[in-house]
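Notes to accompany the following structure.
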Amino acid sequence: MVYTYSMILLLAALALHLSFPSHIETGRSSAYRPHDGHNRGELACGGTFTYTQAHIAYRKWWRYGCGRRVIVCSGNTGICELTTIQDAGPYGIYTGPVRRCVEDGRWKVWTKSRPPPGWKWRAVVDLSWGLWLKLGRPRALSKVTLYILPRWLSKTRKPRRFL
């Protein structure tokens with residue numbers, strides 16, 4: 001009985017926390033595998049990742065730290081997964097129109113916190129290959145919604161910066 005009440009209180013606190021818009025972000029997503037482009041398969045939070053690991057590289061990763069829990073919902077497939085922030089990139093940035101960011105403009109990998117002048121972020125979050133599969137293989141640059149969970153639900157630590 002006590003367990004039931006504590007679970008109800010925990011869920012109510014979580015629902016209240018998620019109702020604040022500062023902890024919800026919607027944007028574009030992409031997926032990456034070990035050794036894609038300039039990615040050597042190293043995580044910003046230490047270690048290397050495999051194809052089966054489920055985590056994200058988040059553009060604003062330095063705000064939250066390693067291990068911050070995030071609910072990721074794919075707008076394309078409607079599937080949601082609980083995962084953690086474990087990486088800092090790489091992130092695609094581009095010049096040119098959004099719809100054809102590779103053909104009509106230039107594209108490159110960027111891991112710093114801000115893109116250079118004239119460049120735009122290609123994605124808010126990079127999904128690991130394992131998470132991309134769990135989310136039902138959403139299309140490239142499809143919409144994703146992030147629900148960043150409170151710090152007390154995560155074991156977070158400061159990430160190593162790739163600059």
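A few remarks follow.
- Extension reserve of the E42-K120 stretch, reckoned as 0.36 nm per residue once the Cα distance is removed: 25.7 nm
- Taking 7 Å steps out from each Cα toward its Cβ at H23 and L153 produces label points 0.7 nm apart.
- Label sites at S6 and H35, each approximated as a point 7 angstrom past Cα along Cα to Cβ, lie 4.7 nm apart.
- Long-range HN-HN contacts of T84 with modeled amide H, under 5 Å: I56, V70
- Proxy reagent accessibility, fewest Cβ within 10 Å first, across V125, V144: V144, V125
Here, each number is a calculation from the coordinates, and none is a lab measurement. Note that the structure is a prediction, hence the values are computed from the model and not measured. Note that each Cβ is placed from the backbone with ideal geometry, even for glycine, and that neighbours are counted across all protein chains shown.
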